[in-house]
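The structure appears right after this line, and notes come after that.
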Amino acid sequence: MNAPDHTHMLARHDDPAVTPHDDPLVVHPDPLVIAGRAYRSRLLVGTGKYKDFNETRAAIDASGAEIVTVAIRRTNIGQNANEPSLLDYLPPSQFTLLPNTAGCYTADDAVRTLKLARELLDGHRLVKLEVLGDTHTLFPNVRETIRAAETLIKDGFDVMVYTSDDPIIARELEAVGCVAIMPLASLIGSGMGILNPWNLKLIIEQSKVPVLVDADHGYGNALNAQAAARAFERAGVAAFHLEDQSFPKKCGHYDDKSLVPVGEMVQKLKAVRDALHDPDFVVIARTDAIAVEGFAAAIDRASAYREAGADMLFVEAPTSEAEIAAIAKSVSGWKLINMFEGGKTPLLPVARLEALGYHLVIIPSDTQRAAIKGMQRVLAAIGRDGSAASMRADMVSFKEREALVDTAGYLDRSNRYAS
């Protein structure tokens with residue numbers, strides 16, 4: 001469950017033959033379409049952490065989900081003939097099984113795992129790809145992920161995957177099958193809004209999948225929040241966060257934060273909901289109350305924000321696994337959690353968060369820190385050798401860069417309107 005597996009606002013479909021499930025927390029008014037197939041439920045659930053397959057089946061039935069993720073390295077679907085098989089409890093005739101590569105750290109390993117899954121599932125094509133960079137952060141190795149995705153797609157797989165906020169990387173990942181993109185629109189915790197609207201606009205225009213951005217605290221009072229909501233909606237984003245810190249705000253894992261009154265945040269959420277026209281737009285309400293008012297107050301705020309119209313709730317900076325689990329049990333509906341390395345929240349495996357009941361995981365700053373490390377390596381090579389020749393294998397070529405930023409398209413438009 002690196003983020004894309006749980007970004008449920010993925011696509012729209014107007015097939016009147018598909019009847020939505022009754023539970024509004026599980027389904028969306030419009031069906032979800034992935035790889036040409038429509039689903040009533042927009043909830044993707046996993047199969048890990050249950051005591052047995054009977055409990056797994058009961059949980060899946062209760063959720064109403066139709067797509068079920070399966071960690072091939074951890075769950076038997078026939079590869080171990082002498083053990084119970086998940087397929088006896090969740091037959092492919094009733095569910096879409098989504099094999100994933102949890103626990104894979106190289107492209108080759110991920111490809112082998114999914115080829116095994118395809119063989120066991122009689123040619124099944126839809127898969128979730130994740131290639132991890134290390135055991136500590138569980139952040140994807142982007143180069144290996146792209147390489148694996150390209151190999152799988154050439155072999156006929158339909159691939160789902162997650163990445164960074166860079167427009168070029170976003171384009172690359174969509175080209176190999178991404179189903180959702182979450183670009184960084186501003187410096188984390190700055191409260192300054194969208195600093196580079198051109199980059200965001202580029203990602204939205206080039207993307208055929210939902211784009212989610214952080215709406216910070218709404219940039220002022222309820223009327224300011226309304227204006228921000230309309231601007232994001234016009235821009236084409238699929239969802240945003242709205243939070244209850246007072247301005248100027250801080251990173252959720254910093255000390256000495258302050259909050260706006262509950263009533264003020266509730267009115268902002270109501271104003272935002274009234275301002276929106278797109279029924280598919282998702283409002284994510286965040287509270288930083290744990291560090292300021294205590295855990296119980298944070299749960300109360302989250303419940304109030306749900307009543308005010310939030311589609312997804314984000315209780316920031318729990319300080320223990322027990323608090324993480326308690327939030328999942330206490331807060332109804334879709335839930336988001338932040339796995340921020342160096343922060344107050346313990347880093348849990350995505351499979352564990354999924355089992356606890358979280359639907360969306362964000363992993364901020366890792367791509368930024370990886371980019372900084374890459375630039376440091378290039379600059380060190382230039383200082384040491386007088387050129388970056390030793391780093392060429394870790395860079396895209398000039399031709400690839402030009403294609404990724406669509407230089408030819410810009411030049412064509414420039415020539416078209418030249419006087």
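The values are calculated or read from the model by the stated rules, or taken from the named source; none is laboratory data. These numbers come from a predicted model, not from an experiment. No Cβ is skipped: glycine too gets one built from the backbone with ideal geometry, and neighbour counts run over all protein chains shown. Side chains included, ligands, DNA and RNA excluded: accessible areas come from the protein's heavy atoms. Shrake-Rupley method; radii C 1.70, N 1.55, O 1.52, S 1.80 Å.
A quick yes/no check of all residues on (1) modelled with pLDDT under 80; (2) surrounded by 20 or more Cβ atoms within 10 Å (Cβ to Cβ); (3) in a helix (DSSP H, G or I):
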{"site": "Leu138", "(1), (2), (3)": "yes, yes, no"}
{"site": "Thr145", "(1), (2), (3)": "no, yes, yes"}
{"site": "Ile153", "(1), (2), (3)": "no, no, yes"}
{"site": "Leu173", "(1), (2), (3)": "yes, yes, yes"}
{"site": "Cys178", "(1), (2), (3)": "yes, yes, no"}
{"site": "Pro183", "(1), (2), (3)": "yes, yes, no"}
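Restricting the range 54-105 to residues that are among the hydroxyl-bearing types (Ser, Thr, Tyr) and touching a strand residue (DSSP E or B) at 6+ places or on another chain (Cβ under 8 Å), which is surrounded by the fewest Cβ atoms within 10 Å (Cβ to Cβ)?
Once the filter is applied, the top-ranked residue is Tyr105.
State whether the residues of the range 243-266 include one that is in contact with a helix residue (DSSP H, G or I) (Cβ under 8 Å, 6 or more places away or on another chain), part of a helix (DSSP H, G or I), at pLDDT 70 or above and open to solvent by less than 40 Å² (accessible area, probe 1.4 Å).
Scanning the range 243-266, I find at least one residue that is in contact with a helix residue (DSSP H, G or I) (Cβ under 8 Å, 6 or more places away or on another chain), part of a helix (DSSP H, G or I), at pLDDT 70 or above and open to solvent by less than 40 Å² (accessible area, probe 1.4 Å), so the answer is yes.
Please find, within the range 267-288, the residue that is farthest from Leu360 (Cα to Cα) out of those that are open to solvent by less than 10 Å² (accessible area, probe 1.4 Å) and not in a helix (DSSP H, G or I).
Asp288
Residues Leu132, Leu114: which one is in contact with a Phe, Trp or Tyr (Cβ under 8 Å, 6 or more places away or on another chain), crowded, with 18+ Cβ neighbours inside 10 Å and modelled with pLDDT of 90 or more?
Selected residue: Leu114, the only one of Leu132, Leu114 that is in contact with a Phe, Trp or Tyr (Cβ under 8 Å, 6 or more places away or on another chain), crowded, with 18+ Cβ neighbours inside 10 Å and modelled with pLDDT of 90 or more.
Can you tell me which residue among Arg384, Arg413 is at pLDDT below 90, loosely packed, with under 13 Cβ neighbours inside 10 Å, out of contact with any His (no Cβ under 7 Å at 6 or more places or on another chain) and charged (D, E, K, R)?
Arg413
Specify which of the listed residues (Ala298, Ala291, Ala322) is surrounded by 16 or more Cβ atoms within 10 Å (Cβ to Cβ), of a type in the set (Gly, Ala, Ser), at pLDDT 90 or above and not in a strand (DSSP E or B).
Within the list Ala298, Ala291, Ala322, the selection yields Ala298.
It is to be established whether one or more residues within the range 371-378 are open to solvent by 70 Å² or more (accessible area, probe 1.4 Å), charged (D, E, K, R) and within 30 Å of Ala308 (Cβ to Cβ).
Looking through the range 371-378, none of the residues is open to solvent by 70 Å² or more (accessible area, probe 1.4 Å), charged (D, E, K, R) and within 30 Å of Ala308 (Cβ to Cβ).
Can you report the number of residues in the range 344-363 which are in contact (Cβ under 8 Å) with a residue 40 or more places away in the chain and open to solvent by less than 30 Å² (accessible area, probe 1.4 Å)?
Of the residues in that region, 9 qualify.
Which of the residues spanning the range 88-102 are of a type outside the set (A, V, I, L, M, F, W, C), closer than 19 Å to Ile146 by Cβ and part of a loop (DSSP other than H, G, I, E, B)?
Thr101
Can you run down the residue pairs with Cβ atoms below 7 Å, 6 or more apart or on separate chains, where the first is in the range 46-58 and farther than 16 Å from Ala71 by Cβ and the partner is open to solvent by less than 60 Å² (accessible area, probe 1.4 Å) and in a loop (DSSP other than H, G, I, E, B)?
Close Cβ pairs (under 7 Å, with a partner that is open to solvent by less than 60 Å² (accessible area, probe 1.4 Å) and in a loop (DSSP other than H, G, I, E, B)) amount to Arg57/Leu90.
So is Asp108 modelled with pLDDT of 90 or more, closer than 28 Å to Glu174 by Cβ, surrounded by fewer than 17 Cβ atoms within 10 Å (Cβ to Cβ) and of a type in the set (Asp, Glu) or not?
When the stated conditions are applied, Asp108 passes them.
Can you report the number of residues in the range 111-136 which are outside any loop (DSSP other than H, G, I, E, B) and in contact with a strand residue (DSSP E or B) (Cβ under 9 Å, 6 or more places away or on another chain)?
Number of matching residues: 10.
Working only within the range 393-405, note down all residues that are surrounded by 11 or more Cβ atoms within 10 Å (Cβ to Cβ), among the charged types (D, E, K, R) and without any contact (Cβ under 8 Å) to a residue 40 or more places away in the chain.
The answer is Asp394, Glu400, Glu402.
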